[in-house]
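The values are calculated or read from the model by the stated rules, or taken from the named source; none is laboratory data. Because the structure is a prediction, the values reported are computed rather than measured. Neighbour counts run over all protein chains shown; Cβ positions are idealised from the backbone, glycine included. Just so you know, the surface numbers come from the protein's heavy atoms only, side chains and all, with ligands and any DNA or RNA stripped out. Shrake-Rupley method; radii C 1.70, N 1.55, O 1.52, S 1.80 Å.
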Amino acid sequence: MAISSKARPYLLVAALVLVVAGVLVAKMPGSPEPTPRAVPATTGSTPPVVDAEGGDGAGDPYYPQDGNTGYDVSGYDVAISYDPATRKLDGKALITGVATADLSRFNLDLYELKVSEVAIGDEKASFSQEGEHELVVTPAQPLRKDQRFTVSVTYGGEPTLFEDRALGRSGWQVSAGGGAFAAGEPHSATTWFPANDTPRDKATFKLAARVPDGWSVVSNGVEEGSTQADGWTTFRWHAAQPMATYLATVAIDKWTIDRSTLPDGTPVVDAYAPGALGAREDQRRLPEVLAFLSAKFGPYPFQSAGGIFLSDNIGFSLETQTRPIYAGWADLETVVHENAHQWFGDSVSLRSWADICLNECFASYAQWLWAEGKEGVNLDDRYRSEVGRTDDSTGYWNRKLYDMGRGNEFRGVYDKGQLAVHALRRQIGDESFDKVLQSWTSRHRDGNASWPEFEAHVEEVSGQDLDGFFAAWFRGDELPSDEYLWPGTLRR
């Protein structure tokens, strides 16, 4: 995520802790159907499951009721209809997964949209909607540990809109042109489809989105064509590599779409809302940006690329996987930042929200690397200048970069995070720093990782004991001592 320069992070304090919601209604006939999937039956003679329930939270320390336990999702196949004139969304989601425990019931996350039917395979299941976002499903037959299953959820309604769009509070948002898009962090997906809403449970994603003729839909992954019938057009997209739920998007507008390919044949889809065509000049440099970042971080990790450019001046741009969403104010630096996230945050996803520096510190430092490599900026001089401009009275140093506490996730990672990563580079040297980045993205590709794992990784690659350095820069909330503030070539 990149924040508008009008709302720089350490002045935001806790503003980007997102809680999203929607309003409930029933499914509209004619919605596109997801691809049906068979569910293997349980075989053999086994004892009955007795009151074995999945948990209603995945255990993130900051958001303990986000996500759920008892199963692991492998794929989402979502079909929606949306009419911009009525703002009504109707959908059916097929969620394929495997039980990680015996289950007589389990939960999904869905913010208030009204569920009308749930089934597991061909059998209807009982369900209830409880609390702020819990969809509780009770199968007709309990699920066995290691059993694969597909749950279908039919739902609909008018997603709730939040007025605080400048800070990206909601997932589903109505655009300036009357369409809609989904973007938000740490929540977004469950304002428009049911999910196991935790980055720990990454899954593939397919979307069939039906809109009135004249509108079009852009999403994650690779285009799979469109069909027209009865005044409606259905657009299909497929993201075949695992994705955290908050990185899934749908964007509905009267897009101008540019299609191209990277030198290696990777398809690129760029979508521009009416009034956003001025962004083309920066986005045409995407092949150059991705080539530069690939040299730093390793091969581009996905099968498609591109961008979604809004005319809306919302307060953030977001690294929606393979196809970032850009606010109207986004510039080339923002393109660099959001595409750096394709490695740091998307391909390698955080394990808990306390680990957010793994996403934002490194995407922000990618902007410095670009300035160094493409504009000839001396980063040591920039570092010294930035340190010289800090003032304890503003609380600049009083911001942890790891385990900063709920509500503080985005306070320091964009600016103090850049200084910290540059200090780390000077502490271990360029050769080790380059190896750290490339081996990290390779080792954890398509998976999850934590900040403590990163610290251990850096020590392994560099051969240095860095406990003091990490304590001073990332775990601490004070100005680092000179030993850690001026390492390597920064030393005066």
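The fraction of accessible area contributed by carbon and sulfur in segment 448-492 is 45 percent, rounded to a whole number (1.4 Å probe; ligands and nucleic acids excluded).
Calculated from the structure, Cα extents along the principal axes in Å equals which of [x] 71, 55, 44; [y] 75, 67, 48; [z] 57, 57, 45? This structure yields the entry labelled [x]. Along segment 309-320 the Karplus relation, 6.51 cos²θ - 1.76 cosθ + 1.60 evaluated at θ = phi - 60°, assigns HN-Hα couplings of 10, 8, 8, 6, 8, 5, x, 7, 10, 9, 7, 3 Hz to successive residues, with x for each Gly and Pro. Heavy-atom accessible surface of segment 164-299, averaged per residue, reaches 34 Å², computed with a 1.4 Å probe.
Using only helices, what value at 222 nm comes out for the chain when you add -39,500 (n - 2.57) per DSSP H run of length 4 or more and divide by the total residues, to the nearest 500 deg cm²/dmol? Only helices count here, giving -6500 deg cm²/dmol. About its Cα centre, the chain has a charge dipole of approximately 660 debye under the convention of +1 per Lys or Arg Cβ and -1 per Asp or Glu Cβ, with nothing else charged. With R₀ set to 41 Å, the beta-carbon distance separating D467 from D83 gives a calculated FRET efficiency near 0.10. Summary of packing: across the peptides 121-127, 418-424, the per-residue average of other C-beta atoms within 10 Å ranks them, highest first, as 418-424, 121-127. Ranking G307, S294, H341 by Cα position along the charge dipole of segment 274-358, where only Lys, Arg, Asp and Glu carry charges on their C-beta atoms, puts S294 farthest toward the positive end.
Whenever you get a sec, compute what percent of the accessible area on segment 163-257 sits on carbon and sulfur atoms (1.4 Å probe). Here it works out to 45 percent. Extending 7 Å from the Cα toward the beta-carbon at both L277 and S393 defines two label points whose distance is 5.0 nm.
With a Förster radius of 22 Å applied to the C-beta separation of L262 and S442, the computed FRET efficiency comes to 0.65. In terms of distances greater than 21 angstrom between alpha carbons, the cross-link table entries K145/K202; K124/K202; K202/K435; K88/K114; K92/K254; K296/K400 yield K124/K202; K202/K435; K92/K254; K296/K400.
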